[in-house]
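The values are calculated or read from the model by the stated rules, or taken from the named source; none is laboratory data. No experiment lies behind these values; they were computed from the predicted model shown. Cβ placement follows ideal geometry from the backbone for every residue including glycine, while neighbour counts extend to all protein chains displayed. These accessible areas exclude ligands, DNA and RNA; they are computed on the full protein's heavy atoms, side chains included. Shrake-Rupley method; radii C 1.70, N 1.55, O 1.52, S 1.80 Å.
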Amino acid sequence: MNIEMKEVDAAVVLPIRQKVLREGKPIEMCKMPGDELSSSIHLGLFYENKLAGIATLMVDAHPDFPDLSQLRLRGMAVLPEFQKKQLGKLLIEEAINISQKKHADILWFNARETAIGFYEKFDFSVKGNGFLIEDVGNHFLMYKEL
Ligand SMILES: CC(C)(COP(=O)(O)OP(=O)(O)OC[C@H]1O[C@@H](n2cnc3c(N)ncnc32)[C@H](O)[C@@H]1OP(=O)(O)O)[C@@H](O)C(=O)NCCC(=O)NCCS
């Protein structure tokens, strides 16, 4: 089994964002502000040379964490046919590693309610109440001190 994690260009992550996170929406809607910044890191996880999972790290400060150095995780997704093979684990662990190397105090993101249990396995905590993101569903702020 050949599994490889690589940094990829923003354009590379768009098809998986579209398929997994924005099903039925145009690819333009899968772009995120900051995608093209040099400080943004797009991770691609290749399973047998096929892109199977993605995650993006961005410099973005959440007002709930004043005075802390922060990175934000966005667009974390594994294609359905590759889920439950520990690929999500590899992606989140790499995101944590990179954040630690960059001396961030906190890694945070807005998690889909359905994924909270996944992130809790890696010691992320929920902060505050849920909120609705239109067309996507209920979300919760989650974070981990590094
Ligand atoms: C959430 C997601 C990234 C997890 O990726 P994955 O490759 O399926 O997860 P893994 O196989 O690495 O799972 C690692 C562990 O988390 C558990 N897990 C996976 N998804 C879970 C979920 N949604 N809720 C609770 N636990 C979950 C697995 O059972 C596994 O547990 P184990 O180590 O005890 O066996 C993936 O299912 C996905 O892309 N889902 C749809 C998009 C999404 O929700 N993205 C997150 C947006 S915030």
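So which of Asp35, Asp135 is touching a helix residue (DSSP H, G or I) at 6+ places or on another chain (Cβ under 8 Å), under 22 Å from Val13 (Cα atoms) and in a loop (DSSP other than H, G, I, E, B)? Let's see the steps before the verdict.
Values: Asp135 fails: touching a helix residue (DSSP H, G or I) at 6+ places or on another chain (Cβ under 8 Å).
Exactly one residue qualifies, and that residue is Asp35.
Applying a threshold of 7 Å to beta carbon distances and a minimum spacing of six or more residues, or different chains, the list of pairs starting in the stretch 3-20 at a residue that is of a type in the set (Gly, Ala, Ser) and ending at one that is surrounded by fewer than 18 Cβ atoms within 10 Å (Cβ to Cβ) reads Ala10/Glu36. Scanning the stretch 32-65 for residues being without any contact (Cβ under 8 Å) to a residue 60 or more places away in the chain and surrounded by 15 or more Cβ atoms within 10 Å (Cβ to Cβ) gives a total of 22.
Going by what's in this entry, would Glu23 be described as away from the ligand (no atom under 16 Å from the Cβ) and either part of a loop (DSSP other than H, G, I, E, B) or not hydroxyl-bearing (Ser, Thr, Tyr) (or both)? Write out each step before concluding.
On the way: away from the ligand (no atom under 16 Å from the Cβ): no; either part of a loop (DSSP other than H, G, I, E, B) or not hydroxyl-bearing (Ser, Thr, Tyr) (or both): yes.
So Glu23 fails the test.
Quick one: how many residues across the stretch 1-20 are among the charged types (D, E, K, R) and either in contact with a helix residue (DSSP H, G or I) (Cβ under 6 Å, 6 or more places away or on another chain) or assigned to a strand (DSSP E or B) (or both)? Step through it out loud before you land on a result.
Initially, the stretch 1-20 is screened for residues among the charged types (D, E, K, R), giving 4, 6-7, 9, 17, 19.
Narrowing the set further to residues that are either in contact with a helix residue (DSSP H, G or I) (Cβ under 6 Å, 6 or more places away or on another chain) or assigned to a strand (DSSP E or B) (or both) leaves 4, 6-7, 17.
So the count comes out to 4.
Does Phe82 fit the bill of being away from the ligand (no atom under 15 Å from the Cβ) and in contact with a Phe, Trp or Tyr (Cβ under 8 Å, 6 or more places away or on another chain)? In short, no.
Just one residue in the set Leu87, Leu107, Leu79 is buried (at least 21 other Cβ atoms within 10 Å of the Cβ) and in contact (Cβ under 8 Å) with a residue 24 or more places away in the chain; that residue is Leu107. Here is a check on your reading of the model: is Thr114 among the polar types (S, T, N, Q) and either open to solvent by less than 10 Å² (accessible area, probe 1.4 Å) or touching a residue at least 60 places away in the same chain (Cβ under 8 Å) (or both)? Taking the combined requirement at face value, the residue does not satisfy it.
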